[in-house]
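Taking it in order: structure first as structure tokens, then the write-up.
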Amino acid sequence: MADSKIYHFDEVAKHKGRKDCWLIISGKVYDVTQFMDEHPGGDDVLLAASGKDATNDFEDIGHSNAAREMMDKYYIGKIDISTSPTKVTYVQKQQVIHKPDNSPGFVIKILQFLLPVMILGLAFAVRYFTKVD
């Protein structure tokens, strides 16, 4: 990797077919053409990530260490960052925190369910305890 070839973004972007597919991930260029049939997500995933910086696509999936090590055999060089249309840095997506619905409409819905159940329970309790043997 010391003598890495430097690729122009436009040159890498041309390689986006099933028989010739290159990816840019974290500033490195990978020729994944031979990996197309082996990719667990299918070749469409690789094709969709070609022709652009695929760093976010790659990181969002959460690839294993074994997958990251496998990338070494497809490495062909580095991208000339100055030729990239936008400088992309990976930003981990934040998880959405579910907040319970405390709106008045939610409370009314709960009461519409619980109130009849409580009345029914009370009716059975009165009948049971006032029953004369």
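The simple Förster model, with R0 at 41 Å and r as the Cβ-Cβ distance, assigns Asn65 and Leu114 a FRET efficiency of 0.20.
Scanning residues 5 or more positions from His39 or on other chains, none has an amide H under 5 Å from its amide H, with H placed 1.01 Å from N in the peptide plane. Here is the list for the range 1-81: GluC sites (Glu not before Pro) lying in DSSP coil, each with at most 13 other C-beta atoms within 10 angstrom of its C-beta, are Glu38.
Here, each number is a calculation from the coordinates, and none is a lab measurement. Every value quoted in this text rests on a predicted model; they were computed, and no experiment measured them. All Cβ positions, glycine included, derive from the backbone under ideal geometry; neighbour counts span all protein chains shown.
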